[in-house]
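Enquirer: If you scroll down you'll find the structure; I have some questions about it.
Read the figures in this text as sums done on the coordinates, not as results from a lab. Quick caveat, the model's predicted, so the values are computed rather than measured. All Cβ positions, even for glycine, are placed from backbone atoms using ideal geometry, and neighbour counts span all protein chains on display.
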Amino acid sequence: MVVGGSAVVRASEKIIEKGRKIAAHLLEAAEIDIAFAENKFIVVGTDRAIALKEVAKAAFQPARLPKGMEPGLYENATYRPTHDTFPNSCHVAEVEIDPDTGTVDLVSYLVVDDVGTVINPLMLKGQIHGGVAQGAGQILTEQVVYEPGSGQLLSASFMDYAMPRADVMCSMEVISKPVPTLNNPLGVKGAGEAGCVGALPAVMIAVMSALKPLGVRELDMPATAERVWRAINKIGV
């Protein structure tokens, strides 16, 4: 969205500029007096206007165009970012651990994110949800395992590699607090990594915080029930 979306904005601006010239010709007004708003071209200070759809139709009728203008209403544009953009977020994870079995349950999850201008709220939440699942999955279940000696990959398929499932996750609340960036015309920052990057430390810190009263200070990922149980019993609890 940062790059492709901004290119679309630049191309759209060119189309509107050409549409303004066509609208001025059709409305018999000066181009400088034509404004574009709410999908129509308006003669400023009057009630005279023409819809974008009508301008688009006229654009393909040479007889209705200003002299010397090429027919059509299409443009292309290139956008190259000059600065990187970075989303911001705060993740809060709550876990419960059964000391008898080592089972870790993710019981609640909250994300407050700033991805800049939000284009599609539903897709944004879906992307954050998926990212959190990736991060939580790496902390709680996922592990690449090789056979000692031969180096044969043992977790080569989803039959053996523990991807996070619905029973690993919990319902989560996602709150958007967008602060548009000035580094691109849309004000977007991107959201692809926001869910995953925040979930990794949030879930692991929650696990370690729950184990701290039991004396556990170290635990390698993934925090499977077996590893957690062994860590608890190694302390002697």
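Enquirer: Using the basic label-point model (7 angstrom from Cα toward the beta carbon), what is the Asn39 to Leu219 distance in nanometres?
Expert: 5.4
Enquirer: When you count, for each residue, the other Cβ atoms within 10 Å and take the mean per peptide, how do 133-139, 183-189, 33-39, 224-230 rank with the highest first?
Expert: 133-139, 183-189, 224-230, 33-39
Enquirer: Of the listed peptides 77-87, 108-118, 10-20, what is their order by residue-averaged count of other C-beta atoms within 10 Å, with the highest listed first? Spell out each step's value before the answer.
Expert: Values: 77-87: 12.4, 108-118: 19.8, 10-20: 16.0.
Highest to lowest by the protection proxy: 108-118, 10-20, 77-87.
Enquirer: What does the extension gain come out to for Val112 and Glu147, with contour length at 0.36 nm per residue minus their alpha carbon separation? Provide the component values of the computation, followed by the final result.
Expert: Numbers: separation 35, 0.36 × 35 = 12.60 nm, distance 4.11 nm.
Extra length available between Val112 and Glu147 comes to 8.5 nm.
Enquirer: Another question about this same structure. Using C-alpha positions alone, give me the convex hull volume of region 4-64 per residue in cubic angstrom.
Expert: On the way: hull volume 5.3 nm³, N = 61.
Convex hull of Cα atoms, per residue: 87 Å³.
Enquirer: Please give the direction-averaged projected area of the C-alpha convex hull for region 51-189, in square nanometres with one decimal. Walk me through the intermediate numbers first.
Expert: Working: hull surface 66.1 nm².
Convex hull of Cα atoms, orientation-averaged projection: 16.5 nm².
Enquirer: Rg to Rh ratio, the chain, alpha-carbon atoms and Kirkwood radius?
Expert: That ratio equals 1.25.
Enquirer: Going by a ≥ b ≥ c, the root eigenvalues of the Cα gyration tensor, does region 134-207 fall in the rounded group (a/c under 1.5), the prolate group (a/b larger than b/c) or the oblate group?
Expert: Details: a/c = 3.09, a/b = 2.07, b/c = 1.49.
Taking the square roots of the gyration eigenvalues as a ≥ b ≥ c, region 134-207 is prolate.
Enquirer: For region 4-64, what's the relative contact order in percent, using C-alpha pairs closer than 8 Å and at least 6 residues apart? Mind dumping the intermediate values first?
Expert: On the way: 55 pairs, mean separation 15.4, N = 61.
Value for region 4-64: 25 percent.
Enquirer: Take Ser157 and Met123, extend 7 Å from each Cα along the Cα→Cβ direction, and tell me the distance between the two endpoints in nm.
Expert: Reported label-point gap for Ser157 and Met123 is 3.4 nm.
Enquirer: With each pseudo-label sitting 7 Å past Cα toward Cβ, what's the Asp98-Glu54 distance in nm, one decimal?
Expert: Simple spin-label model gives 7.1 nm for this pair.
Enquirer: Give the relative contact order (percent, whole number) for the chain; include only Cα pairs under 8 Å separated by 6+ residues.
Expert: On the way: 395 pairs, mean separation 54.8, N = 237.
Dividing the mean separation by the residue count of the chain yields 23 percent.
Enquirer: Give, as ranges by residue number, the residues of region 113-130 whose backbone N falls under 18 Å from the point 7 Å along Cα→Cβ of Glu193.
Expert: 113-116, 127-130
Enquirer: A further question on this structure: Enumerate lysine pairs in region 88-235 that are 8 or more residues apart or on different chains, then count those whose Cα atoms are under 25 Å apart. Before the final figure, lay out each step's value.
Expert: Values: Lys125/Lys177; Lys125/Lys189; Lys177/Lys189; Lys212/Lys234.
Value for region 88-235: 4.
Enquirer: Counting each DSSP H run of 4 or more residues in the chain as -39500 (n - 2.57), what helix-only mean residue ellipticity at 222 nm follows after dividing by all residues, to the nearest 500 deg cm²/dmol? Numbers along the way, then the final one.
Expert: Values: 5 runs with 81 residues, N = 237.
Roughly -11500 deg cm²/dmol at 222 nm, from the helical runs in the chain.
Enquirer: Using a Förster distance of 45 angstrom, determine the FRET efficiency expected from the C-beta separation of Arg165 and Glu13, and round it to 0.05.
Expert: 0.45
Enquirer: How many angstrom lie between the C-alpha centres of region 194-237 and region 35-111?
Expert: With region 194-237 and region 35-111 each reduced to a Cα centre, they are spaced 42 Å.
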